[in-house]
Amino acid sequence: MASSLNNEALASIFEVDFPTVEVTYQEESFGGKIHAFFLKFSEEGNLESNWRKISNAIAVYFQSKLKDEFGKWNTYIFYLSDSPVNRVLKYKIENDTFSSRKILVEKQMSISDIIMEHIVNDNLKLANHQIVGDESETFLPDSVIWNALNGNKIRGKRSVNSTADEVLNTICSALKEEQDEI
């Protein structure tokens, strides 16, 4: 773990409770202090059983000790895997709203590239769109999503139920079919 973390309690937790997870901490200045943890997992099972425990440890032993609001709101946890991860697990991790922004990176990237892509957004290419008058585009619902959701009840942000999983699978299959037709 990078020595700049300067948090003995958290370092000890990583060393004792998560010895197989490779941890790197980096602090960036970007309008204030941004805190980023990079956690490399060698296998998906280890990620699945430990991501929430690690997130909680960072929240309790690191994030709660920060003095500035900007730093508290700009704490990132990057879960790194060299291979694709089950999309339901990825959804659970990235949509967990407790304490910090969590991002799963499923390919080899340097820490600086991850920061550029997910924090600084240096890679965004914005097109120049001219808005003429007060005209606005009419919203057109996506039939693939509408058909998958029609009649299904999905409630709550915190739990992924079997209905949500079925809807996600239906949408992914339909979009894959559309892409294959192109």
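Readers should treat all values here as calculations from the given coordinates under stated rules, not as data from a laboratory. Keep in mind that this is a model prediction, so the values were computed, not measured. Cβ coordinates were reconstructed from backbone atoms using ideal geometry, including for glycine residues, and neighbour counts include every protein chain displayed.
Data overview
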quantity: Order by protection proxy (mean Cβ within 10 Å, highest first), peptides 36-43, 19-26; calculated: 36-43, 19-26
quantity: Length added when fully stretched, Ile111-Val16, from 0.36 nm per residue minus Cα-Cα; calculated: 31.8 nm
quantity: Summed residue charge, Cβ within 10 Å of His35's Cβ, Lys/Arg positive, Asp/Glu negative; calculated: 0
quantity: The stretch 1-119, dipole about Cα centre (Lys/Arg Cβ +1, Asp/Glu Cβ -1), debye to the nearest 20; calculated: 360
quantity: Chain lengthening between Gln179 and Asp165 when straightened (0.36 nm per residue, less Cα-Cα); calculated: 2.9 nm
quantity: Net charge over other residues, Cβ less than 15 angstrom from the Cβ of Gln26 (K, R count +1; D, E count -1); calculated: -2
quantity: Descending Cα extents along the principal axes, the stretch 3-120, whole Å; calculated: 36, 32, 25
quantity: Distant-in-sequence amide H partners of Ile77 (H built 1.01 Å from N, under 5 Å); calculated: Phe37, Arg101, Lys102, Ile103
